[in-house]
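The values are calculated or read from the model by the stated rules, or taken from the named source; none is laboratory data. Values in this document were obtained by computation on a predicted structure and should not be read as measured data. With ideal geometry, Cβ positions are generated from the backbone for all residues, glycine too; neighbour counts draw on all protein chains shown.
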Amino acid sequence: MLDVRQKNASKVEEGFAELHERLAPTYSEPEDAEKNLHIIERCLSQEFDMSYMAPYGSTGHGTNVHEESAIDCFAVIPQNRLLEQSGKALEQIFEALEPLFPDAFLIDGRPAIAVPFGERRSDRHHIVAAYPMGTRGEYDLFGIPGPSERWIEACPGGHSSWINDLDRQHHHRFKPMVRMIKAWNYGEGEPIWSFYLEHSVADYLATRETGSYAADMQGMFIYLLERRLALYKTSEGSNEPVYATSLADKFDSMGPLRSALEKVKKARFCERHGNLPDAYFWWRKLFHYKFPAY
């Protein structure tokens, strides 16, 4: 009986391995955006004396999802060229870019400008105004727009280093876990902010040894529900709290988590009882059919 269960579990893990291959972006994706990025750079250099574009976010530290994750960049501008009110400064940058990119828009709930260059969600640059603040340890520190028209500190290099360390500690299973939970989240219409999910996976794994992806996904959804999407007080990349979503949307975000956990439980039940086709069916439902067919 044990051998049969091990074989079933191994077959499900094969499905997760193929899922992650599908979720990991190809190297060609950022190259498709190069032309638009040069236009953005020229515009902001002329209008605001921007010195350079600094990558941040999931593309920078390797938790981005194929066809879903945008390309995030800080537009590094001297502080004296930015308005004191951070939201107004971002609007000013948007007004400079809009004539060149009529499809650009300010992102609801996030201090960033989306500049599309294709049809997919990943075919966007997310531009954030930033000014240099020196270093934190060996990593560059920036001021970026925050809540209530404030400027807050951000250290993307420190955050990337933290992510890479966690991935090594967990035998290179941390980043795949983050990609998988993000893929589920994108399929649900992003009820939870991606940055929060990275911290959630880190906190979940902090006191656990990684097991099978199937078991860890179940544990992850239980963890999120039990935590009730409470904020994290600080992060490696900022001294600001990390929120799951806006206060207005927090209650509604619990529904997709409950539904996800029910699908996972059904998949795990089918696996334990040797019904692999149905186990695969429920994993496919969870990941919006990105999980392979049996």
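Structural remarks
- Residues that are under 16 Å from residue 70 (Cα atoms) and in contact with a strand residue (DSSP E or B) (Cβ under 7 Å, 6 or more places away or on another chain) within the range 158-195 comprise just one, 195.
- Taking the criterion of being surrounded by fewer than 15 Cβ atoms within 10 Å (Cβ to Cβ) and in contact (Cβ under 8 Å) with a residue 24 or more places away in the chain, the only residue of the range 86-95 that qualifies is 88.
- Selection from the range 123-144 of residues that are surrounded by fewer than 18 Cβ atoms within 10 Å (Cβ to Cβ) and either within 19 Å of the chain's Cα centre (by Cα) or of a type in the set (Lys, Arg) (or both): 123, 136
- Qualifying residue in the range 100-108 (condition: surrounded by fewer than 14 Cβ atoms within 10 Å (Cβ to Cβ), over 20 Å from residue 60 (Cβ atoms) and either in contact (Cβ under 8 Å) with a residue 12 or more places away in the chain or among the hydroxyl-bearing types (Ser, Thr, Tyr) (or both)): yes
- Leading residue by the ranking (surrounded by the fewest Cβ atoms within 10 Å (Cβ to Cβ)) among those in the range 203-229 that are β-branched (Val, Ile, Thr) and more than 22 Å from residue 245 (Cβ to Cβ): 207
- All conditions but one from (1) within 25 Å of residue 129 (Cβ to Cβ); (2) hydroxyl-bearing (Ser, Thr, Tyr); (3) surrounded by fewer than 15 Cβ atoms within 10 Å (Cβ to Cβ) apply to residue 69; the one that does not is (3).
- Criterion violated by residue 147 - all others in (1) surrounded by fewer than 18 Cβ atoms within 10 Å (Cβ to Cβ); (2) within 30 Å of residue 98 (Cα to Cα); (3) modelled with pLDDT of 90 or more; (4) not assigned by TED's automatic domain parsing to the domain that holds residue 260 satisfied: (3)
To keep it simple, each residue is scored yes or no on (1) over 30 Å from residue 250 (Cβ atoms); (2) in a strand (DSSP E or B); (3) modelled with pLDDT under 90; (4) not assigned by TED's automatic domain parsing to the domain that holds residue 52.
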residue: 108; (1), (2), (3), (4): no, no, yes, no
residue: 111; (1), (2), (3), (4): no, no, yes, no
residue: 114; (1), (2), (3), (4): no, yes, no, no
residue: 120; (1), (2), (3), (4): no, no, yes, no
residue: 125; (1), (2), (3), (4): no, yes, no, no
residue: 183; (1), (2), (3), (4): no, no, no, yes
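- Selected residue (only one of 143, 134, 157, 189 is small (Gly, Ala, Ser) and part of a loop (DSSP other than H, G, I, E, B)): 189
- Cβ-Cβ distances below 7 Å connect the following pairs, each with a first residue in the range 267-289 that is free of Cβ contacts under 8 Å to residues at least 24 places away in the same chain, a second residue that is assigned to a helix (DSSP H, G or I) and among the aliphatic types (A, V, I, L, M), and a separation of six or more residues or different chains: 270/279; 282/267.
- Some residue of the range 230-241 being at pLDDT 90 or above, buried (at least 19 other Cβ atoms within 10 Å of the Cβ) and over 29 Å from residue 6 (Cβ atoms): no
- Residue match in the range 262-271 (condition: in contact with a strand residue (DSSP E or B) (Cβ under 6 Å, 6 or more places away or on another chain) and assigned by TED's automatic domain parsing to the domain that holds residue 202): no
- Failed criterion for residue 62 (all others in (1) of a type in the set (Gly, Ala, Ser); (2) at pLDDT 90 or above; (3) within 15 Å of residue 198 (Cβ to Cβ) hold): (2)
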